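Below you'll find the structure, written out as structure tokens, and then a few comments.
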Amino acid sequence: MALRPPVEAPPAPLRPRSARRLVLSAAVAGLAGLVARRAHANASPSELEVGGSTGAETAHLSCGPDVRVAHASGGMHYERVFPAEDGPDGRGLLMDVRAGVGATTITSVTPPDGAEASVVTQAGNLEKYELGRHHVLATAQASFGFDWYSFAMTGGVGYFGLSEMVDGVHFRARYLPLPALDMRVGKRVGLSGNFGVGAPPVAGLARWYSAYGLAQYRFREGGEVGVGLTATFGGELDQRAGVLFKGTVPVTRWLSVGGFGLVGGDDQSKPSSLGWTAGASASFKIDEP
């Protein structure tokens, strides 16, 4: 009987740093809360959106197997205009804060058809060490700019948690400061477009560093509908692009509720590996008279 060649054992798995992740998540929430509290006590009415999402997609590891990834996330988006004294409403300095936290989980590992023995071995080791393990990632972003009523622009920086693989078999959360830029063309009420890079202006998607373009229509009575494109990047398990749909309906003068969905393929554009994200959100007008 032929003997199988020995398989070289991978390095020992990296142990999750649970304490650091908990501290980081608390810091993200605390920073967003303190900034929002300070701002809404000193300026005109503001908007706060909170939301959550869940979904799955398939990623293709470089020179490795395909992995199916499930994710769940929650986040917030706070925005406020600081008008000049005796100036018109809706024009002035603009502050924008976005934050999110959630989990990424590998649910299946599949070697490509006809894969080399090394790729099959990698798939087996990846299943052994990472299948079904939940990894927490978080994001916080702050930007500032100016709103000219029919046009607005902000710039800032965010601290983003990115998903990486070490030696192709161990998950690692890597945190990086990355630039954020957002531009709105059009008035807040009516038809407008949002374009930018950073955390998307959708609370349930705020955890991912993305490039996005979104067209939306806000009704004067409250609520909105929107559609656009978004692409997440910066993490091996989170790279995808898709079409984003969103909509909200007013419940009261200060509350609107709604949902959103993101549908697209993985980073290898495989039709059989459709990715999806679905979520719900609530928008509040703070200090609304």
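State the number of residues belonging to the range 134-157 that are aliphatic (A, V, I, L, M), under 15 Å from ASP96 (Cα atoms) and within 16 Å of the chain's Cα centre (by Cα).
Initial filter on the range 134-157 (aliphatic (A, V, I, L, M)): 136-138, 140, 142, 152-153, 157.
Right, trim to under 15 Å from ASP96 (Cα atoms) and you get 140, 142, 152-153, 157.
Checking the rest, the ones that are also within 16 Å of the chain's Cα centre (by Cα) come to 140, 142, 157.
The total comes to 3.
Within the range 112-120, does at least one residue satisfy the condition of being touching a strand residue (DSSP E or B) at 6+ places or on another chain (Cβ under 9 Å), over 25 Å from GLY52 (Cα atoms) and not hydroxyl-bearing (Ser, Thr, Tyr)? Walk me through it before giving the result.
Residues of the range 112-120 touching a strand residue (DSSP E or B) at 6+ places or on another chain (Cβ under 9 Å): 112.
Filter again for over 25 Å from GLY52 (Cα atoms), leaving 112.
This time we only want the ones that are not hydroxyl-bearing (Ser, Thr, Tyr), so: 112.
Yes, there is a match, as at least one residue in the range 112-120 is touching a strand residue (DSSP E or B) at 6+ places or on another chain (Cβ under 9 Å), over 25 Å from GLY52 (Cα atoms) and not hydroxyl-bearing (Ser, Thr, Tyr).
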Within the range 241-250, can one find any residue that is at pLDDT 95 or above, in a strand (DSSP E or B), closer than 16 Å to ALA206 by Cα and under 14 Å from the mean Cα position of the chain (by Cα)?
yes
What's the number of the condition HIS135 fails, among (1) part of a strand (DSSP E or B); (2) more than 16 Å from GLY74 (Cα to Cα)?
(2)
Just to check your reading of the model, which residue among ALA142, ALA59 is surrounded by fewer than 22 Cβ atoms within 10 Å (Cβ to Cβ), among the small types (Gly, Ala, Ser) and in contact with a strand residue (DSSP E or B) (Cβ under 7 Å, 6 or more places away or on another chain)?
ALA142
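Residue by residue, here is whether (1) in contact with a helix residue (DSSP H, G or I) (Cβ under 9 Å, 6 or more places away or on another chain); (2) of a type in the set (S, T, N, Q); (3) over 23 Å from GLY55 (Cβ atoms) holds:
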{"residue": "LEU181", "(1), (2), (3)": "no, no, yes"}
{"residue": "ARG184", "(1), (2), (3)": "no, no, yes"}
{"residue": "SER210", "(1), (2), (3)": "no, yes, no"}
{"residue": "VAL227", "(1), (2), (3)": "no, no, no"}
{"residue": "ALA231", "(1), (2), (3)": "no, no, no"}
{"residue": "ASP238", "(1), (2), (3)": "no, no, no"}
{"residue": "LYS246", "(1), (2), (3)": "no, no, no"}
Run GLY102 past the list (1) in contact with a Phe, Trp or Tyr (Cβ under 8 Å, 6 or more places away or on another chain); (2) buried (at least 18 other Cβ atoms within 10 Å of the Cβ); (3) not acidic (Asp, Glu) and report the number of the one that doesn't hold.
(1)
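Condition check ((1) farther than 17 Å from GLY235 by Cβ; (2) among the acidic types (Asp, Glu); (3) touching a residue at least 40 places away in the same chain (Cβ under 8 Å)) across all residues:
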position: ALA70; (1), (2), (3): no, no, no
position: VAL81; (1), (2), (3): yes, no, yes
position: MET95; (1), (2), (3): yes, no, yes
position: THR104; (1), (2), (3): no, no, yes
position: LEU131; (1), (2), (3): yes, no, no
position: ALA140; (1), (2), (3): no, no, yes
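Restricting to the range 197-229, name every residue that is β-branched (Val, Ile, Thr), surrounded by 17 or more Cβ atoms within 10 Å (Cβ to Cβ) and assigned to a strand (DSSP E or B).
Of the range 197-229, the ones β-branched (Val, Ile, Thr) are 197, 202, 225, 227.
Remaining after also requiring surrounded by 17 or more Cβ atoms within 10 Å (Cβ to Cβ): 197, 202.
VAL197 - this is the single residue of the range 197-229 that is β-branched (Val, Ile, Thr), surrounded by 17 or more Cβ atoms within 10 Å (Cβ to Cβ) and assigned to a strand (DSSP E or B).
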Of (1) surrounded by fewer than 16 Cβ atoms within 10 Å (Cβ to Cβ); (2) touching a residue at least 60 places away in the same chain (Cβ under 8 Å); (3) within 16 Å of the chain's Cα centre (by Cα), PRO179 satisfies all except one. Which?
(2)
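The values are calculated or read from the model by the stated rules, or taken from the named source; none is laboratory data. Every value quoted in this text rests on a predicted model; they were computed, and no experiment measured them. Glycine gets a Cβ as well: all are built from the backbone with ideal geometry, and neighbour counts include every protein chain shown.
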